[in-house]
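These notes are about the structure you will find just below.
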Amino acid sequence: MKTTTLLVIEAKHAEVPSFAADLQKKGFDVHIAQNGSKAVSLLKEVSPSLVVVNAASMRSTGLRICQSLREKDSKLPIILILDEDKEVNKDAADAVLLLPFTVQKLANRIKPLLPGDGKNVLHVGPIRLDLEKRRVRCMGRSTKLTPRLVTLLQLLMDKHGEVVEREPLFKKAWETNYTGDTRTLDVHISWLRRAIELDPDNPKFLKTVRGVGYRLDI
């Protein structure tokens, strides 16, 4: 099972508990940002499965941070931590927790919001493919895929770093022995690039190896 990556946004504040270290002890891969702008810039690099916004540590409502995250990735699960005296806006996040509470309670709220149980989620570099929900998350974006695109991406992820030849790729993805016209494969590859590349015309991950096939570089 792959380690779940979390982005925790919190500032150091003597009167407010820090959750980042305790979440690491729980087995999560935790990345920390001290404010909203740093968190947004980290989304592409980290590609987290969930964000914890410790607004209490920043003495704020966290509303603006949550909105900024939603603008970048509308499907990204967010847990908002507030002081008990703060007004709760339940639309700001997927879950809102009021201090005080234990890290175990936080972990219990995190797990149901994760995209899959780990068995159905493939993770290679910044690419996370949820086979059950047919959704890929990469570079801070989340995209719904067709079943065939899921199959194609899974085949490429399983052999990342290796050149996958056109004909075997086509046969497996289309479940056919006919390879007389594989141009539809090129179209599907271009759709995949739109889902995982920042610049599909100049792909960083999904490379064409001319005359041979494709390679997923991570």
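The values are calculated or read from the model by the stated rules, or taken from the named source; none is laboratory data. Everything numeric in this text was worked out from a predicted model, so none of it was measured. So basically every Cβ, Gly included, is an ideal-geometry build from the backbone, and we count neighbours across all protein chains shown.
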Legend entry - Scope the range 29-59; condition touching a residue at least 40 places away in the same chain (Cβ under 8 Å) and not in a helix (DSSP H, G or I); matching residues: Ser47, Pro48, Ser49, Leu50, Val51, Val52, Val53, Asn54, Arg59
Inset, instruction - Can you tell me which residue among Leu153, Leu97 is outside the structural domain of Arg64 (by TED's automatic domain parsing), touching a strand residue (DSSP E or B) at 6+ places or on another chain (Cβ under 7 Å) and on the phi < 0 side of the Ramachandran plot? - result: Leu153
Legend entry - In the range 136-159, residue modelled with the highest pLDDT [restricted to those that are closer than 18 Å to Pro200 by Cα and among the basic types (Lys, Arg)]: Lys144
Inset, instruction - Look through the range 135-152, keep the residues that are free of Cβ contacts under 8 Å to residues at least 40 places away in the same chain and in a helix (DSSP H, G or I), and return whichever of them is nearest to Ser47 (Cα to Cα). - result: Val150
Legend entry - Selection from the range 193-218 of residues that are surrounded by 18 or more Cβ atoms within 10 Å (Cβ to Cβ) and of a type in the set (Gly, Ala, Ser): Ala195, Gly213
Legend entry - Residue within the range 15-25 that is surrounded by 23 or more Cβ atoms within 10 Å (Cβ to Cβ) and under 16 Å from Phe101 (Cα atoms) present: yes
Inset, instruction - Would you be able to say whether some residue in the range 109-118 is of a type in the set (Val, Ile, Thr), crowded, with 16+ Cβ neighbours inside 10 Å and over 22 Å from Leu131 (Cα atoms)? - result: no
Legend entry - Residue that is within 23 Å of Arg137 (Cα to Cα), in contact with a helix residue (DSSP H, G or I) (Cβ under 8 Å, 6 or more places away or on another chain) and not aliphatic (A, V, I, L, M), where the choices are Ser74, Ser68: Ser68
Legend entry - Val88 being farther than 30 Å from Thr146 by Cβ, modelled with pLDDT under 85 and touching a strand residue (DSSP E or B) at 6+ places or on another chain (Cβ under 7 Å): yes
Legend entry - Subset of the range 1-10 (residues that are crowded, with 17+ Cβ neighbours inside 10 Å and either among the hydrophobic types (A, V, I, L, M, F, W, C) or in a loop (DSSP other than H, G, I, E, B) (or both)): Thr4, Leu6, Leu7, Val8, Ile9, Glu10
